[in-house]
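These notes are about the structure you will find just below.
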Amino acid sequence: MFTDFQNGVTIDFTLKPLGPIIVRTQRSNLEPGIADVTFQRTRQGGRETVFLAGSGLKGVVRAHCERLLRTHGLHVCDPTRPNERNACGCRDHREGRNRPGADLGGQCPACFTFGSLNMAGRFRIGDALPTVDGFEAANRTEVRTGVGISRKNGSAVQGVLYDSEVVVDGKFGVRLSGENFSLWQVGLIGQALQDLDAGFYQIGGCKSRGMGTVRLDDWSVSFRFLDREIGKLRGVGNRGKNRRTYHLPDCDEMDCGNAAEEENRGFFRMVKYRGVAVDDLFNRLTRKALTEFLEARRK
């Protein structure tokens, strides 16, 4: 699937907390005056900073995509249980699909999009670091106190008290990139990101306590294609060995729409969407490419 290049996409946006977010570090803290549970940190430009790991963001987006696919009646395996007989990685190993040149068309839609033990995913999400104008605000963290409640009298249980460090402000830059994708996959991820922006699911921990709600702003989507046919978005082609190996559709294309900005740059035809045009793009991809894919898979 990655022996040649057919198309590429980058989805850029900023993520802003609408309340407290907690992403715990794996280290426990015993220093006095510091929260028991601290936010994960890294270094950016020589300074320590809070950040959102790309692996965690990808996991949250993938989990929501899996729910959407299952809701429409498609089988989707659970990557947290790779030894389950129906999991793609386990089934591929059992049926010999981990051999070079094997038929990989039986991958579930989530594994075909995000990857499995035997096949790389089409899409990647990098670490979300604070933007230049949101760095200071993101690192002005707060400490929230948690307490255990007695089921007998409803008061605080003595000795069950802990502090958690949370991020409550700032902005984080996020980039999601994809290569050799089908259009329905961009529609699926676009729907998941729109749902995150609408508050239908959250990121981080303690979601049942009201944490993790975010807003997504400053949208930008850029496509790269090798063809020079103006006005078209094209999914990965069903040509050569791809037809046999990946069971790709015969035709995967859609009009760019009036809001697209197109230009030729080197080998590539670039198609870009900004701001509210991104919402329209995701909606059209969902209504056409994703809906057609779901109907075909249910037959």
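The numbers here are math on the coordinates, done by the rules we state, and not lab data. Bear in mind that the values here come from a model prediction, so they are computed numbers and not experimental data. No Cβ is skipped: glycine too gets one built from the backbone with ideal geometry, and neighbour counts run over all protein chains shown.
Label the range 258-299 by shape, choosing from rounded, prolate and oblate, from the square roots a ≥ b ≥ c of the eigenvalues of the Cα gyration tensor; if a/c is under 1.5 it is rounded, and otherwise prolate applies when a/b is larger than b/c, oblate when it is not. It is oblate, given that a/c is not under 1.5 and a/b is not larger than b/c. Packing here is the average count of other Cβ atoms within 10 Å per residue, and on that basis the peptides 290-299, 202-211, highest first, run 202-211, 290-299. The slack in the chain from residue 140 to residue 81, taken as 0.36 nm per residue of separation less the alpha-carbon distance, amounts to 17.5 nm. Cross-link partners for residue 152 among the lysines, with Cα-Cα distance under 30 Å and sequence neighbours closer than 8 places in the same chain left out: 207. Between residue 227 and residue 63, the simple label model (points 7 Å from Cα in the Cβ direction) yields a spacing of 3.9 nm. Cβ crowding within 10 Å ranks 217, 127 as 217, 127, fewest other Cβ atoms first. As a rough footprinting exposure proxy, the listed residues 184, 219 were ranked by other beta carbons within 10 Å of their own, and the order from fewest upward is 219, 184.
The simple Förster model, with R0 at 51 Å and r as the Cβ-Cβ distance, assigns residue 161 and residue 117 a FRET efficiency of 0.75. This ranking places 201, 273 by how few other beta-carbon atoms lie within 10 Å of each, fewest first, which gives 201, 273. Here the label points at residue 151 and residue 10, each 7 Å from Cα along the C-beta direction, are separated by 5.2 nm in the simple model. So, R0 is 30 Å and r is the distance between the beta-carbons of residue 295 and residue 209; what FRET efficiency does that work out to, to 0.05? With R0 = 30 Å, the Cβ-Cβ based efficiency is 0.15.
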